[in-house]
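As structure tokens, the structure follows; a few thoughts come after it.
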Amino acid sequence: MNDSPKFPKFGPGQHLISVDQFDKENLREFFTMAQALRPIAERKQICTVLDGAVLCSLFFEPSTRTRLSFESAFLRLGGEVETTTGFTFSSMAKGESIADTSRVVSGYTDVLVVRHPDAGSVAEFAQHSVVPVLNAGDGSGEHPSQALLDVFTMEAEMEKKGRTIDGCTIAVMGDLKYGRTVHSLMKLMSLYDNVTFQLYAPPSLELPHYVSEYATQSGSRVIECSHQIEALSGSDIVYATRVQRERMTEEIAKSKELQGCLLNRAMLEEANALDIIICHPLPRDSRPDSFDLATDVDDLPGLSIFRQTDNGVLVRMAMFLTTMGVSMDIVAAKTKAKPWKVTD
Ligand code: NCD
């Protein structure tokens, strides 16, 4: 992933492949826009600014929230969505290359959202597309839209405590090797000052060196911990992740180190961290012995996992508007109160 091509700073007409495309300035502008879109994301206002625009979403890996929130975001801005899922029903099953698929599909749409099992594959889509491509996850590479919604949510949660992300300590736990959300998150958080990452990964699932190097070169501290309590101690936030069993051999996936529980209430008690901000990209693997986040933390006030998923819509709306060059003035001119009501 180190040697994937560099894409320009994220802005009008640009693909979004990596969080590298953000600096402090465009991240701040992006979050300001995302926040301003909240009434539309929450269905309090109706917007038609993307009337006539077409999104095509191509998901070659399972997805619930990423695909639906990208599509909801586009629909809430008044656009139309075409979608295809899996390889079986696409011509890739007939041996079509990424280059040909990308050129063909991009000829039908105004923007593409792509998820694919190979790291670097979405960058390849972008190189052959005639419209902007947004990366919805490329294998164990990156997941920029998830990192944007994660950091957006963490900012809001830290603000409730009168704090910012600058100077915070975050425990990052779970499958740090294959978990692409962690790779994007750590790179994006490294734009802030004085961030400390306390990492805990089970054996064989440690963070790739290029990610920790990126973080330390950006001025963050990276501390490797040998158990969960050590990572949690002194942390303001914990970011827990699922074991990406689909990306490893069956032998490793079934090993005893990957059974049991990654994070539960007893561990938070032991680390004196019951008030910690709890984040997770989801899905949470709730099967027994899945080595994931337990549900006995669900009543803790810091549990932010569903605030993250809700924020996925407005963050993805801001992604579309940014790449399609639509300012908030134009959005305001195409937004009205809704004439119907389901809930307040
Ligand atoms: C993540 C992903 O697909 O990388 N899910 C998501 O998009 N929210 C995390 C995961 O699958 O574990």
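Structure notes:
- Out-of-range pairs (alpha-carbon distance over 20 Å; input 9/187; 24/187; 6/187; 160/341; 44/341; 94/177): 160/341; 94/177
- Taken over the stretch 302-344, the alpha-carbon convex hull comes to 117 cubic angstrom per residue.
- Rounded FRET efficiency, nearest 0.05, which uses the C-beta distance separating residue 251 from residue 307 and R0 of 35 Å: 0.40
- Extreme residue, positive dipole direction of the stretch 272-335, given options 313, 323, 303 (C-beta unit charges): 323
- FRET efficiency for residue 99 and residue 9, using Cβ-Cβ distance with R0 set to 35 Å, rounded to 0.05: 0.90
- Amide proton proximity set for residue 16, modelled H, under 5 Å, gap of 5+: 133, 134, 135
- Value at 222 nm in deg cm²/dmol, rounded to 500, when DSSP H runs of n ≥ 4 in the chain each add -39,500 (n - 2.57): -10000 deg cm²/dmol
- Full extension of the segment from residue 42 to residue 209, taken as 0.36 nm per residue of separation minus the current Cα-Cα distance, would add 56.2 nm.
- Taking every alpha-carbon pair within the stretch 149-260, the share separated by more than 17 Å comes to 53 percent.
- Here r is the Cβ-Cβ distance between residue 51 and residue 275 and R0 is 30 Å; the resulting FRET efficiency, rounded to 0.05, is 0.10.
- Where chymotrypsin sites (Phe, Trp or Tyr not before Pro) in DSSP loops with at most 10 other Cβ within 10 Å are excluded, longest remaining stretch of the chain: 90-339
- Relative contact order (percent, whole number), the stretch 192-301, Cα cutoff 8 Å, 6+ residue spacing: 28 percent
- The stretch 104-212 - percent relative contact order, Cα under 8 Å, separation 6 or more: 23 percent
- Relative to the 2.2 N^0.38 Å rule of thumb, the stretch 202-335 has a C-alpha radius of gyration ratio of 1.31.
- Table column - 3J(HN,Hα) (Hz), the stretch 46-58, Karplus curve with 6.51, -1.76, 1.60, x for Gly and Pro: 10, 10, 10, 4, 9, 3, x, 7, 10, 9, 10, 10, 10
- Evaluated at q = 0.11, 0.21 Å⁻¹: base-10 log I(q)/I(0), Debye formula over Cα of the stretch 91-222: -0.48, -1.14
- Net +/- balance of residues flanking residue 224 in space, Cβ distance below 14 Å, scoring K and R +1, D and E -1: -1
- Computed from the alpha carbon atoms alone, the convex hull of the chain holds 143 Å³ per residue.
- Net charge contributed by nearby residues that have their C-beta within less than 11 Å of residue 316 (K/R +1, D/E -1): +2
- 28 Å tail of the calculated P(r), the stretch 1-154, as % of Cα pairs: 17 percent
- Sequence-separation-based contact order of the chain, relative, with Cα cut under 8 Å and 6+ spacing, percent: 20 percent
- Percent antiparallel among DSSP beta bridges (both partners in the chain, rounded to 5): 10 percent
- Mean projected area (nm²) of the alpha-carbon convex hull when the stretch 141-206 is viewed from all directions: 4.2 nm²
- Cα gyration tensor shape for the stretch 60-145, rounded if a/c is under 1.5, else prolate or oblate: rounded
Just so you know, all these numbers are worked out from the coordinates, no wet-lab data involved. Nothing here was measured: the structure is a model prediction, and the numbers come from that model. Neighbour counts run over all protein chains shown; Cβ positions are idealised from the backbone, glycine included.
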